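Report on one structure; see the data block that follows.
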Amino acid sequence: MPADTRREREKAMHRREILEAAGRVFGKKGFAATTMDEIAQEAEFSKGAMYLHFDSKEHLFLSLIEERLNEVEARLKRVVERDNAPEAKIRDLVRTYLIFFEEDKDFFQIAASEQPRLEPEAKSRLKKKMRERHIRGLDLVEEAMRDAVDAGLLKEIDPRLLATGLVGIIHSFTARWILTGGKDGLAEMEPVILELFLEGAQARS
């Protein structure tokens, strides 16, 4: 294996280890109370080695959120690309969103509560990234909505509007779950979300 390729793989692995350690520390202490020293200790890296990958705590926090957003986008894409019936795709999309947030409850609670503490530039970058990912997520859900309309499962409504409605319901339930401490299982809300959406959007024979 060429030395450059090995170094790149090691660099990516170290970056992943730092991000995972940061997620654990942020999840326990929050953004404001966490220090780079604590993350370095958790990751078993020197502080200097940390700064080879992330130049500040804000950079690390934003990178961690972006990693999470990339992951949910990848999961949604896999659902949409499956050769499943439209109704099954809608159900799987809802379940994918809910399970994803529930898997990393502590981090998303911190991310929601700590955003106002970020510096203006970091906050602006985060909003831009989240907006971009939101649009890309809507694009994927819209594709599933179009298939459902074409199959006669849903009313002949603009698939983009249907996607916006479904994602909006999911986000409302997720926000409530995060703000109330995530005591109940978020994935348990899947039947309620599906009923609310389909009762309004489902085509009638």
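Every number here is computed from the coordinates shown, using simple stated rules; none is lab data. All figures in this text were calculated on a predicted structure; none of them were measured in a lab. With ideal geometry, Cβ positions are generated from the backbone for all residues, glycine too; neighbour counts draw on all protein chains shown.
Details
- The count of lysine pairs in the chain whose Cα atoms are under 17 Å apart, excluding pairs fewer than 8 places apart on the same chain, comes to 11.
- Remark: the stretch 178-183, residue by residue, has Karplus-estimated 3J(HN,Hα) of 5, 5, 9, x, x, 6 Hz, where x stands for each Gly or Pro and the curve is 6.51 cos²θ - 1.76 cosθ + 1.60 at θ = phi - 60°.
- Whole-Hz Karplus values for the stretch 198-204 come out as 5, 4, x, 9, 5, 5, 9 Hz, taken residue by residue from phi with 6.51 cos²θ - 1.76 cosθ + 1.60 and θ = phi - 60°; glycine and proline positions read x.
- Each residue of the stretch 47-53 was assigned a 3J(HN,Hα) from its phi angle through the Karplus expression (A = 6.51, B = -1.76, C = 1.60, θ = phi - 60°), giving 4, x, 5, 4, 6, 5, 10 Hz with x at Gly and Pro.
- Computing Rg and the Kirkwood Rh from the Cα coordinates of the stretch 84-189 gives a ratio, Rg/Rh, of 1.03.
- Descending semi-axes in whole angstrom, ellipsoid equivalent of the stretch 1-55, from the Cα gyration tensor: 25, 10, 8
- Shape of the stretch 91-143, Cα gyration tensor, a/c cut at 1.5: oblate
- Restricting the stretch 98-205 to GluC sites (Glu not before Pro) in coil, as DSSP defines it, with at most 11 other Cβ within 10 Å: 156
- About the centre of its Cα atoms, the stretch 116-205 shows a dipole size close to 640 debye [charges on the beta carbon of Lys, Arg (+1) and Asp, Glu (-1) only; nearest 20 debye].
- Efficiency of FRET from Cβ geometry, residue 180 and residue 158, R₀ 35 Å, rounded to 0.05: 0.60
- Cα lying deepest toward the dipole's positive end in the chain, options 151, 174, 110, charges on Cβ: 110
- Within the chain: Cβ-based charge dipole about Cα centre, in debye rounded to nearest 20 (Lys, Arg +1; Asp, Glu -1): 380 debye
- Helix-only mean residue ellipticity at 222 nm for the chain, each DSSP H run of n ≥ 4 adding -39500 (n - 2.57), per residue, nearest 500: -26000 deg cm²/dmol
- Computed over the chain, the Cα gyration tensor eigenvalues convert (square root of 5λ each) into semi-axes of 36, 20, 14 Å, ordered from largest to smallest.
- Inter-part distance, the stretch 167-205 to the stretch 55-81, computed on C-alpha centroids, equals 22 Å.
- Student exercise, the stretch 1-55 dipole from Lys, Arg, Asp, Glu Cβ charges, in Debye to nearest 20: 120 debye
- Amide hydrogen proximity for residue 154: with H placed 1.01 Å from N in the peptide plane, the residues at 5 or more positions away or on another chain lying under 5 Å are 149, 203.
- Computed over the stretch 56-201, relative contact order equals 32 percent, with contacts defined as Cα pairs under 8 Å that lie 6+ residues apart.
- Rg/Rh (Cα only; Kirkwood hydrodynamic radius) as it applies to the stretch 55-137: 1.04
- One decimal place: the segment residue 78-residue 204 gains 42.4 nm when fully extended, by the rule 0.36 nm per residue minus the C-alpha distance.
- Helix axis angle, 86-103 relative to the chain longest principal axis, alpha carbon, degrees: 30 degrees
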